[in-house]
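Quick notes on the structure that follows.
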């Protein structure tokens with residue numbers, strides 16, 4: 001049902017994979033008649049420069065890239081990150097600011113005769129961007145919000161990225177199996193979630209890609225449940241949604257498991273969700289609208305009269321960020337492209353009873369998709 | 001040296017502590033001639049409503065508060081958070097949006113004849129805020145960026161908050177001691193950091209307030225070091241900077257420890273930093289400029305010829321956020337106020353050698369401060 005094929009790679013494609021991402025940014029800048037781009041979004045920063053530091057929060061940046069349309073790109077940060085920046089950001093000139101970005105930026109832009117500077121309006125706070133625009137305008141520089149310039153490069157994963165994602169998926173599955181083997185009724189959701197985190201640590205992961213969800217019985221009716229002190233019960237569905245980050249790249253998998261014997265209703269709903277998932281995976285291929293993959297899975301659940309119980313989209317892109325473009329939902333007319341990595345995760349949620357969700361990750365291919373998940377922990381169907 | 005005194009509370013003060021924070025927001029709104037405030041910042045949202053959900057990221061909100069200048073405040077979220085919102089946000093009307101905030105917001109503002117809506121420009125992305133302004137302008141509503149309206153309420157902690165912070169500090173110290181007792185040369189920084197996280201889990205914490213720092217030997221020269229696989233060595237300084245979150249409130253403590261015998265240089269630098277810390281704590285009291293507390297500690301380090309090796313500010317506020325106002329640094333002319341909770345954390349950082357940092361938390365009082373830390377793990381001086 002799901003096409004799995006490893007493609008022979010052309011020399012040109014292999015070379016493309018090697019090319020420094022900042023060169024692609026520079027090409028886009030020249031096309032859009034911008035003199036430079038200021039990169040603030042952490043995954044974009046990492047993607048373009050290799051610099052792996054994380055921001056403490058959106059208001060506390062670990063640094064910015066300043067990529068001119070031509071010439072050497074720069075990494076601007078403060079002294080706390082100096083050593084890490086210098087060792088990681090190959091090909092970048094590392095420059096330090098003492099009292100925030102603006103002072104240094106003004107100087108650099110003047111030296112480089114920048115008149116139009118792009119900035120990431122979707123990852124700069126309104127107050128910071130407003131100040132940036134104002135201060136730069138005073139120096140004859142127009143700050144122009146741009147959206148998706150780096151993200152558009154991140155949409156399609158190259159071979160090296162897919163290998164990294166595959167490894168993150170494999171590690172995630174190994175960890176799931178390790179913990180699954182130790183599950184017993186009476187353990188609390190928090191205990192299980194922490195056992196997963198511990199296994200991530202012991203297996204050399206960067207860490208969790210997001211807050212692990214372990215939601216037993218009625219708690220499974222919340223798609224974004226936070227683990228509680230509720231003990232797992234025999235026979236109830238337990239939604240486990242977990243992601244391991246490895247070398248920066250994320251994985252994301254959901255299984256719904258039952259300790260002991262599931263009742264008929266659980267089995268029935270499980271079969272329905274699994275059927276929807278397989279239909280979703282079967283629909284995924286390059287060239288179709290994201291909404292069409294969503295519809296393929298949703299139709300199965302709708303026909304069973306539970307359309308209103310599947311209240312979220314079918315999936316989302318995964319890469320350096322665990323949630324990134326594209327979004328697979330009812331409203332997205334964007335087209336799937338070869339090399340995108342997306343989740344396929346239908347679910348049904350019944351308040352008071354619980355939920356069933358199943359999630360795999362797939363690579364979009366020309367005529368179908370490659371399932372990155374080998375795990376087959378599905379209720380015996 | 002540090003004044004410790006428990007103050008008798010007046011009935012009026014006790015009542016003030018009990019007052020719903022949204023009433024204080026409403027008062028500020030009326031004073032600033034705003035018809036409503038849209039709260040997007042997660043700690044502000046929690047402070048005002050009691051709703052504890054976390055945002056997945058700045059671009060994926062768990063909900064917004066809409067506080068009108070008069071009448072019932074509202075919590076706007078999506079179906080994933082419906083049950084949690086309803087159970088936690090006492091006194092708030094919970095309303096759901098299906099496809100993002102804007103559609104619902106337009107309707108609510110029209111019904112309530114809102115003409116001027118404040119929004120948190122320091123916690124809304126530029127692209128989102130720009131769209132908000134544009135869409136609302138089309139409906140005759142002016143969206144006005146406001147800064148610090150809720151933060152200003154959070155600056156001074158009331159008695160109940162200080163009790164919560166004190167408990168988070170006590171738990172943090174207990175966990176530090178548990179792990180400190182098991183430290184041995186040969187353990188890696190990552191292992192120690194994870195032992196701390198495990199102890200937080202086992203002791204019922206919400207979780208770490210920030211990424212734990214364990215930095216041995218030369219790694220200690222990076223104030224924001226990320227734990228590595230480097231093994232701890234006998235005799236070297238190991239910087240441990242950790243924070244436990246409990247009931248939403250944060251703690252933040254740094255100790256620099258040595259396994260085995262420290263050499264003379266370590267002892268000398270340790271004494272210097274401790275002396276600077278005590279001078280900083282002795283300077284803290286209501287009414288002085290934040291820069292003056294910073295200077296009191298910095299002068300000690302500067303006089304020893306190491307001024308340039310203390311490259312960050314003396315401290316920061318702590319509450320629902322681990323980094324919040326006020327900032328204690330060279331440039332801050334803001335005044336300390338009674339009831340603020342701040343860190344006092346001088347350090348010296350010698351590239352290639354390592355670092356020493358010591359951090360306590362104090363409550364600012366009229367004539368001094370209360371040290372919230374009881375831990376005395378300081379090199380024998």
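All of the numbers you see were taken from the coordinates with simple rules; none came from a lab. Because the structure is a prediction, the values reported are computed rather than measured. Note: ideal-geometry Cβ built from the backbone for every residue, glycine included; neighbour counts use all protein chains shown.
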- For the stretch B:162-289, what relative contact order do you get, as a whole percent, if you take Cα pairs closer than 8 Å and at least 6 residues apart? 25 percent
- Simple spin-label estimate for residue B:152 and residue B:72 in nanometres, 7 Å along Cα-Cβ: 2.9 nm
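Averaged across A:48-59, how many Cβ atoms of other chains sit within 10 Å of each residue's Cβ atom?
Taking the mean over all residues of the peptide, I get 3.
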- Item | Ranked by how many other beta carbons lie within 10 Å on average, peptides B:334-340, B:62-68, B:225-231 from highest | B:62-68, B:334-340, B:225-231
- Query: Per residue of A:126-134, how many C-beta atoms from partner chains lie within 10 Å of its own C-beta, taken as a mean?
  - Reply: 5
- Linear extension gain, residue B:79 paired with residue B:182, 0.36 nm per residue minus alpha-carbon span: 32.5 nm
- With label points built 7 Å along Cα→Cβ from the Cα atoms of residue A:87 and residue B:107, find their separation and express it in nm. 5.5 nm
- The helix B:189-202 Cα axis meets the longest alpha-carbon principal axis of chain B at an angle in degrees, between 0 and 90 and rounded to 10, of 50 degrees
- Item | FRET efficiency estimate (nearest 0.05) - Cβ-Cβ, residue A:116 to residue B:228, R0 51 angstrom | 0.80
- Item | Chain lengthening between residue B:27 and residue B:264 when straightened (0.36 nm per residue, less Cα-Cα) | 79.5 nm
- Task: Determine the gain in length on full extension of the stretch residue B:335-residue B:98; use 0.36 nm per residue of separation and subtract their C-alpha separation, reporting nm with one decimal.
- Result: 80.9 nm
- Query: If you take the beta carbon distance between residue B:134 and residue A:131 as r and set R0 to 22 Å, what does 1/(1 + (r/R0)^6) give as a FRET efficiency, to the nearest 0.05?
  - Reply: 0.65
- Computed Kirkwood radius, in angstrom, where 1/r is averaged over Cα pairs of chain A: 22.4 Å
- Could you pull the copy-to-copy label distances for residue A:350, with points set 7 Å along Cα to Cβ, in nm to one decimal and sorted shortest first? 6.8
- Item | Alpha-carbon centroid distance for the pair the stretch B:219-288 / the stretch A:243-286, whole angstrom | 46 Å
- Query: For helix A:159-180, what angle does its Cα long axis make with the longest principal axis of chain A, in degrees from 0 to 90 and rounded to 10?
  - Reply: 40 degrees
- chain A, relative contact order in percent, only Cα pairs under 8 angstrom and at least six apart counted: 14 percent
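For the stretch B:80-198, what relative contact order do you get, as a whole percent, if you take Cα pairs closer than 8 Å and at least 6 residues apart?
On the way: 54 pairs, mean separation 20.1, N = 119.
Across the stretch B:80-198, relative contact order equals 17 percent.
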- Query: Per-residue mean of other chain beta-carbon atoms within 10 angstrom of the beta-carbon, peptide B:83-93?
  - Reply: 1
- How would you order A:266-275, B:114-123 from highest to lowest mean count of nearby Cβ atoms within 10 Å? B:114-123, A:266-275
- Query: Could you give the distance between the Cα centres of the stretch A:125-189 and the stretch A:103-122, to the whole Å?
  - Reply: 25 Å
- Task: Whole Å is fine, so just give me how far the alpha carbon centre of the stretch A:25-58 lies from that of the stretch B:339-381.
- Result: 37 Å
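Summing -39500 (n - 2.57) over the DSSP H runs of n ≥ 4 in chain B and dividing by its residue number, what mean residue ellipticity at 222 nm do you reach, to the nearest 500 deg cm²/dmol?
-11000 deg cm²/dmol
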- Task: Can you tell me the 0 to 90 degree angle between the C-alpha axis of helix B:126-137 and the longest principal axis of chain B, rounded to 10?
- Result: 20 degrees
